[in-house]
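Engineer: Structure in structure tokens, see below.
The values are calculated or read from the model by the stated rules, or taken from the named source; none is laboratory data. Note that the coordinates shown come from a computational prediction; the quantities given were computed from them, not determined experimentally. Methodologically, a virtual Cβ is constructed for each residue, glycine included, from the backbone with ideal geometry; neighbour enumeration extends over all protein chains shown.
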Amino acid sequence: MMKTDHLIYMNNAATSWPKPNIVSQAVADALLQPPGSMHRGGLESFDVFAEVRMYLAALLGVSNPNQIALGSNATWGLNLALMGFPFHSGDTVVTTKAEHNSVLRPLYELKQTKDLQIIYLDTDETGRVPLSAWVHAMQHVQPRLAFFTHASNVTGAIHDAAVMTKAAKAAGAAVLIDASQTMGWLDLDAENWGADMVAFTGHKYLLGPQGTGGLWVSKEMLLHPHLVGGTGIHSDSDTMPADMPLHLEAGTGNEPSYHGLLAALKWRKENPMSMESQMEKLVKLRTGLQNAGARIIQPDGLCTPVLSFQIPGETAADVGFILQESYCITCRSGIHCAPKIFSCLPFKESVRLSLSRFTTLEEIDAVIAAVEDIIG
């Protein structure tokens with residue numbers, strides 16, 4: 001079997017790589033600077049979190065950057081949203097089988113402690129909940145909270161957030177969206193959609209470091225702080241400050257990584273991505289793997305650059321291992337922390353390839369050739 005002479009990274013839905021060089025430089029520079037005395041250890045003359053919030057507000061489609069709480073990742077934000085939501089015993093939540101464990105596990109905990117009724121809607125065979133099924137559930141169940149992932153981390157299928165949010169709001173539900181897979185890939189429009197909360201991460205398509213992410217909360221949504229502690233101001237109060245974002249931000253933030261995220265956000269603005277070029281790469285990969293004899297999941301419509309496939313007669317783990325060890329192709333195999341979706345898909349596990357703006361056509365050719373070689 002052939003072996004490539006350099007790493008081909010195809011796991012960007014997990015975390016992006018490579019990142020612009022200025023990202024690591026910004027992190028290093030921040031670590032070398034002496035902390036200031038104000039607040040919780042930040043540099044005296046510059047509030048990196050405020051700057052990041054301004055850039056993120058534009059990408060989220062929201063008007064007030066201070067409604068964005070910043071923390072360690074999307075899981076942090078999702079836990080703030082779910083654990084801090086004002087549930088009553090017996091409330092109903094409607095969500096989808098496309099969700100990640102960062103949602104499924106908090107919901108399981110809440111089901112035990114709050115006696116919630118949780119309804120998981122089936123997706124189609126490409127990982128997208130049919131709009132008719134979503135609208136029907138909203139009208140007939142009228143949940144307290146409606147939640148959906150903006151895009152499946154398994155198949156790349158993107159949900160129509162505007163339609164789904166409108167249907168949920170018409171039924172009287174609050175709406176939480178997980179934008180982990182779309183933040184940085186698409187510009188969002190959270191306020192115009194009518195969403196109440198959007199969770200996101202900084203280390204995927206935003207191209208920032210790990211340890212960054214957060215939660216936007218509308219002014220109309222009041223969450224109980226899931227984490228409490230130091231905020232650097234109002235230190236004589238027994239409770240968290242009422243004003244956002246400090247209401248949800250306890251403890252010292254990951255300032256060096258947020259300097260890296262700020263550098264990534266500036267770089268992205270100066271280097272806009274060509275969506276047409278990215279989709280050409282994805283179509284080339286889909287066509288090549290299908291022609292090679294692999295079974296692929298191919299959603300219609302808007303997608304992230306994610307492709308799940310299976311080689312008949314081979315386990316996903318074996319294929320992933322061969323691609324890594326024999327061809328230096330980094331991918332993901334298994335159920336991708338989204339166990340419920342596989343009850344709806346044509347196979348029960350997959351090899352997942354996820355591209356970035358830095359993926360080249362030559363790398364895609366190499367991946368196709370490797371799969372052809374494995375299939376024989």
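Engineer: Report yes if some residue within region 203-210 is surrounded by 18 or more Cβ atoms within 10 Å (Cβ to Cβ) and basic (Lys, Arg); otherwise report no.
Structural biologist: Yes, that holds for at least one residue.
Engineer: Before we move on, is His247 in the same structural domain as Ala151 (by TED's automatic domain parsing), in contact (Cβ under 8 Å) with a residue 24 or more places away in the chain and touching a Pro at 6+ places or on another chain (Cβ under 8 Å)?
Structural biologist: So His247 fits the description; yes.
Engineer: Continuing with this model, one more query. Filter region 48-84 for residues that are in contact with a strand residue (DSSP E or B) (Cβ under 7 Å, 6 or more places away or on another chain) and assigned to a loop (DSSP other than H, G, I, E, B); which is farthest from Leu104 (Cα to Cα)?
Structural biologist: That would be Val62.
Engineer: Next question. Find all pairs meeting these conditions: Cβ atoms under 7 angstrom apart; at least six residues apart or on different chains; first residue within region 269-283 and touching a residue at least 40 places away in the same chain (Cβ under 8 Å); second residue assigned to a helix (DSSP H, G or I) and among the hydrophobic types (A, V, I, L, M, F, W, C).
Structural biologist: Listed pairs, sorted by first residue: Lys281/Leu361; Lys281/Ile364.
Engineer: Which members of region 339-362 meet the condition of being closer than 28 Å to Gly208 by Cβ and surrounded by 14 or more Cβ atoms within 10 Å (Cβ to Cβ)?
Structural biologist: Pro339, Ile341, Ser350, Val351, Arg352, Leu353, Ser354, Leu355, Ser356, Arg357, Phe358, Thr359 - these are the residues of region 339-362 that are closer than 28 Å to Gly208 by Cβ and surrounded by 14 or more Cβ atoms within 10 Å (Cβ to Cβ).
Engineer: Read through the list (1) outside the structural domain of Arg128 (by TED's automatic domain parsing); (2) farther than 25 Å from Val163 by Cβ, then give the number of the only condition that His224 fails.
Structural biologist: Condition (1) is where His224 drops out.
Engineer: Between a first residue in region 169-191 that is surrounded by 21 or more Cβ atoms within 10 Å (Cβ to Cβ) and a second residue that is part of a loop (DSSP other than H, G, I, E, B) and β-branched (Val, Ile, Thr), which pairs have beta carbons less than 6 Å apart while being 6 or more apart in sequence or on different chains?
Structural biologist: Every condition considered, the pairs that remain are Gln181/Thr304; Trp185/Thr304; Ala190/Val62.
Engineer: Surrounded by 22 or more Cβ atoms within 10 Å (Cβ to Cβ), touching a residue at least 60 places away in the same chain (Cβ under 8 Å), over 22 Å from Asn192 (Cα atoms) and acidic (Asp, Glu): which single residue out of Glu51, Glu99 fits that description?
Structural biologist: Among Glu51, Glu99, only Glu99 is surrounded by 22 or more Cβ atoms within 10 Å (Cβ to Cβ), touching a residue at least 60 places away in the same chain (Cβ under 8 Å), over 22 Å from Asn192 (Cα atoms) and acidic (Asp, Glu).
Engineer: Looking only at residues in region 193-205 that are touching a Leu at 6+ places or on another chain (Cβ under 7 Å) and in a loop (DSSP other than H, G, I, E, B), which one is farthest from Leu248 (Cα to Cα)?
Structural biologist: So the residue we want is Gly202.
Engineer: Does Ile177 fit the bill of being touching a Phe, Trp or Tyr at 6+ places or on another chain (Cβ under 7 Å) and at pLDDT 95 or above?
Structural biologist: yes
Engineer: Let me ask another. Testing Gly42 on (1) surrounded by 15 or more Cβ atoms within 10 Å (Cβ to Cβ); (2) at pLDDT 95 or above, one condition comes back false. Which one is that?
Structural biologist: Just one mismatch for Gly42, condition (2).
Engineer: A further question follows. For region 65-87, indicate whether the set of residues that are surrounded by fewer than 20 Cβ atoms within 10 Å (Cβ to Cβ) and either closer than 16 Å to Ala173 by Cβ or without any contact (Cβ under 8 Å) to a residue 12 or more places away in the chain (or both) is non-empty.
Structural biologist: Yes, because at least one residue in region 65-87 is surrounded by fewer than 20 Cβ atoms within 10 Å (Cβ to Cβ) and either closer than 16 Å to Ala173 by Cβ or without any contact (Cβ under 8 Å) to a residue 12 or more places away in the chain (or both).
Engineer: When you scan region 342-352, do you find a residue that is β-branched (Val, Ile, Thr) and free of Cβ contacts under 8 Å to residues at least 60 places away in the same chain, even just one?
Structural biologist: Yes, some residue in region 342-352 is β-branched (Val, Ile, Thr) and free of Cβ contacts under 8 Å to residues at least 60 places away in the same chain.
Engineer: Against the condition in a strand (DSSP E or B), within 24 Å of the chain's Cα centre (by Cα) and modelled with pLDDT of 95 or more, how does Ser257 come out, does it pass?
Structural biologist: In short, no.
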